[in-house]
């Protein structure tokens, strides 16, 4: 038996994912060697404070604050520090040294991915980042490789566990957003500063990555229209529930063709109504799922744990084993193709269905006037339902009108809503939400 | 711009999948070239009868009966003839010529996979077969690559659309097996001779492939314990429904550790009760889904269309593009690892929960005697429910006893059932079904 080659692994960062990656590298060393054909030797773990407490008991001598030296000496670099710098500089330095890089840094990829991909191409090494989207769920490799002979038309993802947990709480308990957020924070599903999650920024970074791989074109964070869940009210959820829908924060990337036949991709994150029987509607709590539609494959769904140290470490290790196998067997790094050249569309060009809640005067002819206005703006109504609330004591009446439209462009919808607001029979527009899956 | 290389593709077989593969190769030639870096030229389609009617209108000059010559001339060979011979000889010949092979032939892989894998290894070329399991769903590549740094502990798959459709019909309409089968045949979901589907043979071949990739050990068809759905009665389905379960035909591969700590893998196909809230329970009709449990990743599910010409063609094309990219970029073929060396366990060693239906005498002490007997055989009861049926006219009474056990070995369960049959208070054992997901 020939002696097995050793590959040096540098780990940058030792948070909840990094600590589990280090544990698995040590505990499963033999199995990993059997699968890659090389021993993966953890050369060191770069951290800011070598004495900080860790989730896992790891040999103290592995820790160092000198990330630069660690990277210079490595065949494989795992970056799990997060943030833009120094992660960006360290990854570029690793790639230039000919090391393969595995990262879970969605913010960096969404902001400056192209620079990293080009550097990896130039060096002929592999840059992989399965852990950056939907934690443990194998989604990037299936999109990049398994569906490489197909044309993806649409991706709908529940890719943020925090917001999914909050919306799920609101749906099942009737809680308001603030109370559900507090509960999520108490249980550790939301951070003290929840902005990145609840404002949709985290999901937007993942949407940019999913769109780039799905449509063979590099999309950046600025191409993603982003709305969070802070304005979703208990009343919205209740009304959606009543109409057979559930509200989810979706990352959406879909190909659209305009009237002249020009193709573009709409990439966006926003609260979305889904029919309760849609496969994504059943994705509860901190779980993630990505629903993919392709011309030939039809509908596919990938489901699993979207966060957590151990699940996300599984995705990191999968990338690491793949990169190590390639180093052992030889051959160039695998990169995604970028020959799609489809433009990112502004949110105005997005086409979807809408749910509109209106507080209207209860008088004859109101429905007809509103329906007429929608028709004039080219927005076709699928469902219109009026509920009259009678207050027995004050003897006042109010009417609530709920409309679900057929698919229409955002621009047409926005113009319709503006016009509706101008009607004297309208007290207020209580909600405008997008609908998918109908 | 340098001139693009051309790769010659030989297609063997032109059934419903083959015809779609040919169509896509022709229609999407430019997109496929952009993604692979080479033009994929369909050199010919080998069929038995060049004048047979096809699902798709294809250039007549592509058809040939001379598969040998076609294969000799090809860089990439797609085998979609099915059956053992001549598919086996043609694939081996292609691999020896240095061609990459893509196949969807589960029967051949399950029966003689190791011969093919070894030939591919020897020639340093790629043999891929994503289309062989669960049609369009990317499942083999995620198991082989994405989860390569994790330890899979269990795979549960709904991998046969015909039986899933039949069981779904029985569940929703209360139909007997024979009637649901007739309906499936009428709608084209079941073949005139449904044996391979309803007896579980098709699912067993897929179980062997899933087990081999999941546990890094080559399992053959003879390692798979196989029971079909022909004995599942409307009464079984009704009783399962009443208890909150649904009956699915599952392909199962799971790692077990015996009392001495020795590891083995149980690979089996049988009708299985699943709680209605289990993610697999919602997989309806002709859809497929594979549920994977891994030590670090936790629970994952992959869902999509399990059959059909166009969806399955998507999986074939994904493999083809991957193989073509490798030929363009250079580097050795990717094969699965077989360093697991875990033994296949006989069905007696399988450990699961059971549902047992008993027709018993309605007299005091019966429940206690049965419970005592279970305990003596080391099988622990989780739920025991008795229903008394009183026939008003004949004034007779019968008692139906339904038991769900905790996890126990097949051997212990079989011994328990034998002993129960010997009790004088037992009229008959009406059903014994395995339960997963509790």
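The values are calculated or read from the model by the stated rules, or taken from the named source; none is laboratory data. Here the structure is a predicted model, which is why all the values come from computation and not from measurement. Cβ placement follows ideal geometry from the backbone for every residue including glycine, while neighbour counts extend to all protein chains displayed.
At a glance:
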| item | result |
| --- | --- |
| Total residues in segment B:14-26, condition in a loop (DSSP other than H, G, I, E, B) and touching a strand residue (DSSP E or B) at 6+ places or on another chain (Cβ under 7 Å) | 1 |
| Hey, residue B:388 part of a strand (DSSP E or B) and either under 24 Å from residue B:235 (Cβ atoms) or within 38 Å of the chain's Cα centre (by Cα) (or both) or not | yes |
| Residue list for segment B:1-18, restricted to those being crowded, with 22+ Cβ neighbours inside 10 Å and within 13 Å of chain A (Cβ to nearest Cβ) | B:9, B:17 |
| Test: residue in segment A:314-322 that is more than 9 Å from chain B (Cβ to nearest Cβ), touching a strand residue (DSSP E or B) at 6+ places or on another chain (Cβ under 9 Å) and either more than 30 Å from residue A:125 (Cα to Cα) or crowded, with 18+ Cβ neighbours inside 10 Å (or both) | no |
| Which listed residue is closer than 18 Å to residue B:436 by Cβ and out of contact with any helix residue (DSSP H, G or I) (no Cβ under 9 Å at 6 or more places or on another chain), from B:418, B:410, B:382 | B:382 |
| Any hit, segment A:47-55, residues being within 14 Å of chain B (Cβ to nearest Cβ), out of contact with any strand residue (DSSP E or B) (no Cβ under 7 Å at 6 or more places or on another chain), modelled with pLDDT under 95 and farther than 30 Å from residue B:214 by Cα | no |
| Matching residues, segment A:391-409, being farther than 20 Å from residue A:428 by Cα and not in a strand (DSSP E or B) | A:392, A:393, A:394, A:395, A:406, A:407 |
| Filter result (in a helix (DSSP H, G or I) and touching a strand residue (DSSP E or B) at 6+ places or on another chain (Cβ under 8 Å)) within segment B:268-286 | B:279, B:280, B:281 |
| Among the candidates B:38, B:46, B:29, residue that is buried (at least 24 other Cβ atoms within 10 Å of the Cβ) and closer than 21 Å to residue B:99 by Cβ | B:46 |
| Evaluation of residue B:288 against (1) facing chain A (nearest Cβ under 8 Å); (2) modelled with pLDDT of 95 or more; (3) under 30 Å from residue B:42 (Cβ atoms) (one fails), failing number | (1) |
| Restricting segment A:27-44 to residues that are within 32 Å of the chain's Cα centre (by Cα) and outside any helix (DSSP H, G or I), the residue that is farthest from residue A:321 (Cα to Cα) | A:44 |
| Residues located in segment A:60-74, provided they are in contact (Cβ under 8 Å) with a residue 24 or more places away in the chain and loosely packed, with under 15 Cβ neighbours inside 10 Å | A:68, A:72, A:73 |
| Residue list for segment B:292-313, filter: at pLDDT 95 or above, within 15 Å of residue B:138 (Cβ to Cβ) and more than 7 Å from chain A (Cβ to nearest Cβ) | B:292, B:312 |
| Which listed residue is at pLDDT below 90 and more than 8 Å from chain B (Cβ to nearest Cβ), from A:394, A:380 | A:394 |
| Filter result (within 20 Å of residue A:318 (Cβ to Cβ) and more than 13 Å from chain B (Cβ to nearest Cβ)) within segment A:27-44 | A:39, A:41, A:42 |
